[in-house]
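Here the structure comes first, spelled out in structure tokens, and everything after it is commentary.
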Amino acid sequence: MTAHNWLNLLAVTWFFAVWIGYASFARHRARVSYSLSSVLQIYRKRWMHSMLRRDNRIGDTALIAGLERQTTFLASTSIFVIAGLITVLASIEQVHETLTALPFFNREMTSRQLQFKILLLLAIYVYAFFTLTWAVRQYGFSSILLGAAPLANDTDITEEERARYATTSAKIIDQAGHSYNYGLRAYYFSLSVLPWLFNTWLFILAATLTVAVLYRREFHSRPLQTLANEVRASSKS
């Protein structure tokens, strides 16, 4: 293998290491400190407890449908991207020849290497599709739980049973949200692959910056601070 091929192998290894590593880090960090995922789970529990005290739940159903719609949009978009990438693979030689006319294009990259990079993008969007469609299904489960929720004036249901039902419903919505996050991260990381067409070091840098952006938004963003402040204030009162 040439030095260029070794560098490409290192870049791919780094790409998957930071992606998988960040996913594991974020999951464990959310258990010990506030993050968007952990704070939103608190609000989901409040939402479900409030839902059980309402007779009219049309608004709750609309909220679940809205979450399902935005997830479906990304899942549908991934299908179009997959179709486009397959089309590129079918004419890789012509695409490689066209790309060589672009400024700053990596002249050392062969058509076979370009094919591998397109295959990596294809694998990312296939993963995104399966993850996002699973999120859509889980939001569907949430809709069923809303429909089966006990009525506010149902005296046969104890407060303990209501609390357990609210927690279960919130947990299903939370799991759907996690699946949505995984699919959305795939979109972010797929964008970091694009600089690889021009320079391998840019690819490594883009993957690193993607993790930095995700970390800041998940653990240090202004929306998180606002949501966490409200949680702290309500817990003191």
Would you check which residues across region 28-63 are closer than 21 Å to LEU146 by Cβ and among the small types (Gly, Ala, Ser) and list them? SER50, GLY59, ALA62
Go through (1) in a helix (DSSP H, G or I); (2) open to solvent by 50 Å² or more (accessible area, probe 1.4 Å); (3) hydroxyl-bearing (Ser, Thr, Tyr) for TYR34 and report which single condition fails. (1)
Residue pairs qualifying under the 7 Å Cβ cut-off, at least six apart or on distinct chains, with the first in region 210-237 being farther than 14 Å from PHE25 by Cβ and the second being of a type in the set (A, V, I, L, M), are LEU224/LEU36; LEU224/VAL39; LEU227/VAL39; ALA228/VAL39; VAL231/VAL39; VAL231/ILE42
Identify the residue in region 152-170 that is more than 31 Å from the chain's Cα centre (by Cα) and among the β-branched types (Val, Ile, Thr) and, among all such residues, is surrounded by the most Cβ atoms within 10 Å (Cβ to Cβ). ILE157
Here the residues within region 91-138 that are in a helix (DSSP H, G or I) and over 29 Å from the mean Cα position of the chain (by Cα) are ILE92, GLU93, GLN94, VAL95, HIS96, GLU97, THR98, LEU99, SER111, ARG112
Enumeration of residues in region 89-124 that are open to solvent by less than 60 Å² (accessible area, probe 1.4 Å), farther than 19 Å from LEU9 by Cα and out of contact with any helix residue (DSSP H, G or I) (no Cβ under 6 Å at 6 or more places or on another chain): SER91, LEU99, THR100
The helices (runs of 4 or more DSSP H) lying wholly within region 149-237 that contain at least 2 residues that are out of contact with any Gly (no Cβ under 7 Å at 6 or more places or on another chain) and closer than 22 Å to ALA135 by Cα are 159-193, 200-219
Selection from region 39-73 of residues that are within 15 Å of the chain's Cα centre (by Cα) and open to solvent by 20 Å² or more (accessible area, probe 1.4 Å): LEU40, LEU67, GLU68, ARG69, GLN70, THR72, PHE73
Going residue by residue through region 81-88, is there one that turns out to be surrounded by fewer than 18 Cβ atoms within 10 Å (Cβ to Cβ) and not in a helix (DSSP H, G or I)? no
Residue tally, condition farther than 20 Å from GLN41 by Cα and of a type outside the set (Asp, Glu), over region 146-177: 9
Just the residues that are under 17 Å from the mean Cα position of the chain (by Cα) and open to solvent by 50 Å² or more (accessible area, probe 1.4 Å), please, taken from region 209-237. LEU209, ALA212, VAL213, TYR215, ARG216, ARG217
Within region 161-199, which residues are within 30 Å of GLU108 (Cα to Cα) and polar (S, T, N, Q)? SER190, SER192, ASN199
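The values are calculated or read from the model by the stated rules, or taken from the named source; none is laboratory data. Because the structure is predicted, anything quoted here is derived from the model rather than measured. Positions of Cβ are generated from backbone atoms using ideal geometry, with glycine treated the same way; all protein chains shown enter the neighbour counts. Heavy atoms of the whole protein, side chains included, go into the accessibility calculation; ligands, DNA and RNA do not. Shrake-Rupley method; radii C 1.70, N 1.55, O 1.52, S 1.80 Å.
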